[in-house]
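> Let me begin by handing over the structure; questions about it come next.
Any read-out appearing in this document is the output of simple, stated calculations on the displayed coordinates, not a laboratory observation. Since the structure is predicted, the reported quantities are computational estimates derived from the model, not experimental observations. Positions of Cβ are generated from backbone atoms using ideal geometry, with glycine treated the same way; all protein chains shown enter the neighbour counts.
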Amino acid sequence: MAKFNPAIQIKGLKEIELIENLTYSRKYNSAYSFNFNFKKTVIGAGDLKRVFDFSKYLIKIEYSTKEEPKVFILDPAIKENAKHLFSDKSLCLYKKNKYKWQNSSSIATEIIPLIIMWVYYYELWLITNVWYGREASH
């Protein structure tokens, strides 16, 4: 894993502040972390025409100098049998052998879009009991 570069994350987080449908707060401790949720409602498409209220999700991203970011849904509680969670309840956003977190990686541009997709597929799974996103074993 490449050396952690906080300047890239700070630049990306400043860009996040400009995103109209996102609000977040940062807190710093031994590991960097920030919490956020979405402001607006997102509408489903295709045969599953339904309003998805993503604003109900409070999401926490933890990142440090030693590990790739970890993402947790703080609220609402994720179902115990939900797919694509690791044992620590962090979200599985991508196949580890297909993507590697790098020094030049940005939480804002690389992780947050994956979180949006995970939440979307989770909402569909709650309705249909089918995970429509790509799957890989953990």
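> Quick check: Cα centre of segment 109-138 to Cα centre of segment 79-108, how many Å?
11
> Next up: From the residues Trp101, Leu114, His84, which one has its Cα farthest along the dipole of segment 65-138 in the positive direction, the dipole being from +1 and -1 charges on Cβ of Lys/Arg and Asp/Glu about the Cα centre?
Towards the positive end, the residue furthest out is Trp101.
> Another question, if that's okay. Using the number of other C-beta atoms within 10 angstrom as an exposure proxy, rank Trp131, Trp125, Trp118 with the fewest first.
Least crowded to most crowded, the residues run Trp131, Trp125, Trp118.
> If you stretched the chain out fully between Glu135 and Asp88, how much longer would it get, using 0.36 nm times the residue separation minus the C-alpha to C-alpha distance? Write out the running numbers ahead of the final one.
Details: separation 47, 0.36 × 47 = 16.92 nm, distance 1.88 nm.
Additional length available on full extension: 15.0 nm.
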